[in-house]
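Beneath this line is the structure, given in structure tokens, with notes to follow.
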Amino acid sequence: MSRRFLPRKHLHRLHHALVQAGYEVIGPQVKDDAIVFAPLAHVDQLPWGWQEQADAGSYRLQRTAGERAFAWNTGPQGLKPWLFLPEQPLWRAEHTDDGLRFRAVEPKPRLLAFIGLRGCDLAALRIQDQHFIKGPYADAFYRAQREHLFIVAVNCGRSADTCFCVSTGDGPEARFGFDILLDELAEGYLLQTGSDKGDTITAQLPLNKAKNKQLSEAETALVAARRQQRVMPGEAELAQLVDRLDHPRWQQVAERCLACGNCTSVCPTCFCSKQDTEGDIRHRQAEQVQRWDSCFSEQHSYITGKVIRHELRHRYRQWLVHKLATWQQQFGRSGCVGCGRCIAWCPVAIDLVEESQALLEEPSQEGDHG
């Protein structure tokens, strides 16, 4: 995994090699005042010179990054929308002349190559893999697409104000899960491979031996990226949240929360879903569809005629305690990878790190018992 150097003028050769290998390339682009992942026809579409300014309840783009394409950290997406689809048909029931027939919807994976994923995204992917394909009931749709994925990751050269991946152990560098890893430098990219697929692609690129000056520049950028304002408590501390169920902070945050579900939508690890049945009278068929859901939805806790978590404080408590504490029992770690998306995209600026720290403090007044 020794690192080599790819001059910036040859970045298009990486894109070309992926296309020639049959991949549909997905990369970051500026759309609707945010950096989002979308099909990438040419490297000219990358967010050259753009950088996000993020804080609690705030996300803005500025042209401050010179000639760099990866000087930003995150947008509202990770890999989740491409593997765990927001809407996925599961099976169909068709009324035929021979009676009612049920037909499975077969997975239709695409060869997808992602450019620009970060360490926090790969940590989230590993968690989603545990849930969707390593449990007793693997998700056939997720597994099929996962097997057709190529990942070009990029180490972060800076951190946004909302990032706290250092304290969760998930960044700013990518340590696993990539086929190719880039460090963006002033004149090009340090490159290393992490798989046989990555070796096949890089063999087609005009690479030079990395110089000590280039290696030092990459390390300096990582050192700068590790300086982060927010620090999530450690997992042993977070596990104590299960003993804070009566803390008055739950009511205080509920009075601010809109239950909009933005945090769960942008979170790269959340996996709540629901199933709906859709009928088509004209074609005499019905379809069972899986859709994203959120534990902030009142109906998410509906069981046999009763909503279990009818108060907003209960729903916020369910999300945070599961994400940070009981998730450790399921997957051996917290469900938070420190990307900070939930903080930036919350319309009322609720800060997950701040709330966690407050909940771990002893309450200054008697808590309720809801």
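Would you pick out the residues in the stretch 27-79 that are closer than 21 Å to P7 by Cβ and basic (K, R)?
R68
Quick one: would you say R249 is among the basic types (K, R) and in contact with a Leu (Cβ under 7 Å, 6 or more places away or on another chain)?
Answer is yes for this residue.
Of all the residues that make up the stretch 40-59, how many are closer than 19 Å to Q228 by Cα and not hydrophobic (A, V, I, L, M, F, W, C)? It would help to see each step written out before you state the result.
Filtering the stretch 40-59 down to residues closer than 19 Å to Q228 by Cα leaves 51-59.
Next, from what is left, pick out any that are not hydrophobic (A, V, I, L, M, F, W, C): 51-53, 55, 57-59.
Here the count works out to 7.
So the check is Cβ under 6 Å with 6+ separation or different chains; which pairs have a first residue in the stretch 207-232 that's surrounded by 13 or more Cβ atoms within 10 Å (Cβ to Cβ) and a second one that's in a helix (DSSP H, G or I)?
R226/V166; Q228/V166; R230/V353; V231/S167; M232/S167; M232/T168; M232/V353
For the stretch 24-50, which residues satisfy the criterion of being buried (at least 21 other Cβ atoms within 10 Å of the Cβ) and either within 24 Å of Q204 (Cβ to Cβ) or among the polar types (S, T, N, Q) (or both)?
V25, I26, G27, P28, F37, L40, L46
Give the residue that is most open to solvent (accessible area, probe 1.4 Å), with candidates limited to residues of the stretch 325-353 that are under 16 Å from E255 (Cα atoms) and over 17 Å from the mean Cα position of the chain (by Cα). Please lay out each step first, then the result.
First, the residues of the stretch 325-353 that are under 16 Å from E255 (Cα atoms): 346-352.
Filter again for over 17 Å from the mean Cα position of the chain (by Cα), leaving 347-351.
Values: P347: 76, V348: 48, A349: 35, I350: 11, D351: 14 Å².
In this case the residue turns out to be P347.
What number of residues in the stretch 122-162 are under 27 Å from T64 (Cα atoms) and either open to solvent by 10 Å² or more (accessible area, probe 1.4 Å) or in contact with a His (Cβ under 9 Å, 6 or more places away or on another chain) (or both)?
Matching residues across the stretch 122-162 total 6.
Residues of the stretch 82-102 being without any contact (Cβ under 8 Å) to a residue 24 or more places away in the chain and surrounded by 11 or more Cβ atoms within 10 Å (Cβ to Cβ), which ones?
Selection gives L100, R101.
Given the criterion closer than 17 Å to G78 by Cβ and touching a residue at least 40 places away in the same chain (Cβ under 8 Å), identify the matching residue among G119, G157.
Just a single option satisfies the conditions, and that option is G119.
State which residue is surrounded by the fewest Cβ atoms within 10 Å (Cβ to Cβ) when the search covers only the stretch 56-75 and only residues that are part of a loop (DSSP other than H, G, I, E, B) and either touching a strand residue (DSSP E or B) at 6+ places or on another chain (Cβ under 6 Å) or in the same structural domain as C346 (by the TED database) (or both).
T64
Could you list, in sequence order, all residues of the stretch 305-361 that are among the polar types (S, T, N, Q) and assigned to a helix (DSSP H, G or I)?
Q318, T326, Q328, Q329, Q330, S356, Q357
Would you point out which residue out of L241, L258, L245 is in contact (Cβ under 8 Å) with a residue 24 or more places away in the chain, part of a helix (DSSP H, G or I) and outside the structural domain of K80 (by the TED database)?
Unique residue meeting the criteria: L241.
The values are calculated or read from the model by the stated rules, or taken from the named source; none is laboratory data. For clarity, every value in this text was computed on a predicted model and none was experimentally measured. For neighbour counting, all protein chains shown are included, and Cβ atoms are generated from backbone atoms with ideal geometry for every residue, glycine included. Ligands, DNA and RNA are stripped out before the accessible areas are found, and what is left, the full protein with its side chains, is counted by its heavy atoms. Shrake-Rupley method; radii C 1.70, N 1.55, O 1.52, S 1.80 Å.
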